[in-house]
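Have a look at the structure below before the remarks.
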Amino acid sequence: MIELLDVYKTYERNNGNIEALRGVSLKVEEGDIFGVIGYSGAGKSTLIRMVNGLERPTRGEVLVDGRALSGITGKELRKLRQSIGMIFQHFNLLETKTVFENVAMPLVLTGKKRHEIRERTEELLEYVGLSSKARSYPKELSGGQKQRVGIARALANNPRILLCDEATSALDPQTTLSILELLRRINCEYNITIMLITHEMGVIQKICNKVAVMEKGQIIEQGDVIDVFGNPEHPTTRSFVESVIQTTVPPSILQSVEDVHRGRMFKLKFVGKLASEPVIHDMIRRFPVEVNTLFATMTEIQQTMLGYMIIQMDGRPEDIEQAARLVAERGVLIEEVRVP
Amino acid sequence: MKTVVTLEQYVNAVKETFVMMAVSLGIGGVIGIAIGIALVVCRPGGLMENRIVYQILNPIINIFRSLPFIILLVALIPFTRWVVGTSIGTSGAIVPLTVFVAPYIGRLVENSLLEINPGILEAAEAMGASKWQVIWHFMLPEALGSLILSFTTATIGLLGATAMAGTVGGGGIGDLAISYGYQRFDTVAMIVTVVMLIIIVEALQRLGNYLARKARRE
């Protein structure tokens with residue numbers, strides 16, 4: 001659906017060039033909710049603007065629906081943009097127009113008939129739950145309501161792709177959840193492919209099925225969300241994952257635990273069905289080891305359970321060894337935690 | 001105190017002032033809006049970036065803006081005569097007033113349009129709006145409140161300029177103040193015209209503020 005092939009973007013500035021993108025390649029399939037995460041300045045904004053041609057690559061190619069964007073200009077480009085909705089961090093609504101007029105704007109631009117505009121706009125406002133606010137001005141709305149107007153506006157021309165530029169970054173956690181829920185609904189019910197950029201891993205965790213992690217203009221890791229969450233490889237990715245699922249125990253706590261108890265510490269990772277199996281229980285019944293649970297967490301990503309546990313085992317060294325092997329045999333990822 | 005100025009003269013003066021202001025504001029306003037839009041869209045990084053237009057227009061506006069109206073009035077006499085056939089009277093004053101106010105409005109419009117949140121223009125582009133649609137559906141409505149205030153400022157500036165139109169026999173309130181209040185020591189005429197000018201400026205400013213507030217949906 002969307003494909004970036006080795007895209008470079010360099011901005012020429014008086015005080016030297018800025019390389020916003022350095023060889024980015026990615027592929028968004030139809031029906032995906034594809035998240036791009038990175039700290040500010042990583043190049044995400046430039047990246048998402050490549051998809052509707054608001055930014056043009058210095059080198060490389062962008063394909064939308066198999067069509068190369070580099071050859072498209074003028075009227076054709078405008079037509080393409082009408083089939084790609086976009087929402088923004090700061091909503092970018094017209095302050096001097098009512099909610100109704102804002103949502104109707106893309107229809108006015110494409111020259112739809114008056115009654116068509118009315119019908120479609122009312123339908124959209126209904127869909128985002130703002131029918132009662134049709135005559136209000138953006139100034140009178142809350143942040144979440146403004147973003148709903150933005151979403152309704154982006155959907156007006158029945159796009160096949162929706163681009164979300166930090167769409168929830170200006171919202172409080174509760175409102176963020178409701179907006180994400182709306183985006184998920186749009187993805188399911190209208191089969192609209194969504195590409196979003198964010199700096200919040202929670203957003204990725206909640207609605208994305210694919211993720212790309214960006215740093216300094218490059219994608220450092222990408223894949224299915226469950227894989228990236230379950231097995232983050234790059235330190236930056238790890239710190240993003242850590243921001244939503246705690247998988248490590250602070251060194252000072254580890255130290256104090258080790259001072260009190262003897263034995264070895266292990267970190268266990270349960271993915272999917274394993275998370276609901278009594279693996280630890282079986283282990284204790286089979287081997288005479290003492291288990292002290294230091295930490296446990298469980299989270300759901302893409303309807304898959306992901307659990308982490310840090311335990312301390314005490315007993316005869318060979319029993320601990322065998323217990324650990326049993327856990328590994330059951331499919332649980334186990335690794336020893338060492339106190340630094 | 002003795003005064004020779006009749007009520008009819010005052011009424012006529014007000015009429016002349018309003019005619020001069022209305023005509024030059026009408027024509028100058030249209031030209032000014034065009035200039036302002038051109039400056040904004042042609043500037044580097046603008047909607048229709050055009051170095052040549054921008055670099056020609058910009059200094060020309062500065063030239064006109066740097067001349068005091070009284071000098072512009074005299075310097076333009078041949079041009080005025082060519083346009084309206086005479087360089088005196090109310091119509092003789094309207095040409096230089098228009099030339100005076102158009103670049104002024106152009107600059108004010110430019111400033112108003114530059115204040116627009118760039119995000120809104122980006123949203124317009126992302127929606128697939130054409131350049132004219134961006135100007136018509138996004139830039140002008142979003143800047144309307146600010147544009148009204150700009151026009152208020154321009155109108156008040158224009159009122160000041162009409163006072164000098166007396167030099168070419170343009171008439172108006174300012175002319176009355178100079179030829180009677182000043183040259184014939186008619187203190188009553190002086191006071192009356194000053195009060196009239198104050199009232200007009202105050203009324204214009206209030207009207208402008210009110211309309212701008214409405215346009216901004218406050």
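Positive contributions from Lys and Arg (+1) and negative ones from Asp and Glu (-1), summed over other residues with Cβ under 13 Å from the Cβ of A:LYS44, come out at -2. Over region B:52-91, the ratio between the Cα radius of gyration and 2.2 N^0.38 Å evaluates to 1.43.
Put in order of Cβ neighbour count within 10 Å, fewest first, the listed residues B:SER112, A:SER40 become A:SER40, B:SER112. For region B:7-215, the relative contact order comes to 27 percent (Cα pairs under 8 Å, sequence separation of at least 6). Above 17 Å, the calculated P(r) of region B:87-129 contains 57 percent of its Cα-Cα pairs.
Normalised radius of gyration for region B:7-215, please: alpha carbon Rg relative to 2.2 N^0.38 Å, two decimal places.
Values: Rg = 19.3 Å, N = 209, 2.2 N^0.38 = 16.8 Å.
It is 1.15.
Comparing region A:2-237 with the 2.2 N^0.38 Å rule of thumb, its C-alpha radius of gyration ratio is 1.02 (two decimals). When only alpha carbons are used to place a centre, region B:153-199 and region A:1-50 end up 63 Å from one another. Here's the list of lysines a cross-link from A:LYS113 could span, going by alpha-carbon distance under 20 Å and ignoring same-chain residues fewer than 8 apart: A:LYS79, A:LYS97.
Of all DSSP beta bridges in the protein assembly as shown, what percent run antiparallel (nearest 5)?
70 percent
I'd like to know which of A:THR10, A:LEU274, A:ILE226 lies farthest towards the positive end of the charge dipole of the protein assembly as shown, counting +1 on Cβ of Lys and Arg and -1 on Cβ of Asp and Glu. So the residue we want is A:THR10. Each of B:ALA34, B:PRO118, B:GLY166 was placed along the dipole of the protein assembly as shown (beta-carbon charges, centred on the mean Cα), and the one lying farthest toward the positive end is B:GLY166.
Sorting the segments A:206-213, B:189-196 by their residues' average number of neighbouring beta-carbon atoms within 10 angstrom, most packed first, yields A:206-213, B:189-196. To the nearest ten degrees, helix B:89-114 and the longest principal axis of the Cα atoms of chain B are 30 degrees apart. Here is the size of region B:168-218 from its Cα atoms: Rg then Dmax, 15.7, 50 Å.
With the gyration tensor restricted to C-alpha atoms of region A:217-296, the semi-axes of the equivalent ellipsoid amount to 29, 19, 8 Å, longest first.
Around the Cα centre of the protein assembly as shown, unit charges on the Cβ atoms of Lys, Arg, Asp and Glu (plus for the first two, minus for the last two) sum to a dipole of about 1900 debye. Of all lysines in the structure, the ones whose alpha carbon falls short of 30 Å from that of A:LYS267, not counting any fewer than 8 places away in one chain, are A:LYS206, A:LYS210.
Computed over neighbours whose Cβ is under 13 Å from that of A:ARG148, the net charge equals +2, Lys and Arg +1, Asp and Glu -1. Given the options A:TYR127, A:ASN102, A:LEU21, identify the residue whose Cα lies farthest towards the positive end of the charge dipole of chain A (+1 on Cβ of Lys, Arg; -1 on Cβ of Asp, Glu). Comparing the listed Cα positions along the dipole, A:ASN102 ranks first.
What net charge is computed for the residues neighbouring A:ILE2, neighbours being all others with C-beta under 15 Å from the C-beta of A:ILE2, Lys and Arg scored +1, Asp and Glu -1?
Values: positive: A:LYS27, A:LYS44, A:ARG49, A:ARG67, A:ARG81, A:ARG160, A:LYS210; negative: A:GLU3, A:ASP6, A:GLU29, A:GLU30, A:ASP32, A:GLU55, A:GLU61, A:ASP65, A:ASP165.
Net charge around A:ILE2: -2.
Mean separation of Cα pairs under 8 Å and 6 or more residues apart, divided by the residue count, gives region A:251-337 a relative contact order of 41 percent. Its alpha carbons give the protein assembly as shown an Rg and a Dmax of 34.4, 123 Å. Cα centroid separation, region A:213-227 to region B:1-66: 56 Å.
Each value in this text was obtained by applying a stated rule to the coordinates, not by laboratory testing. Since the structure is predicted, the reported quantities are computational estimates derived from the model, not experimental observations. Positions of Cβ are backbone-derived with ideal geometry, glycine not excepted, and every protein chain shown enters the neighbour counts.
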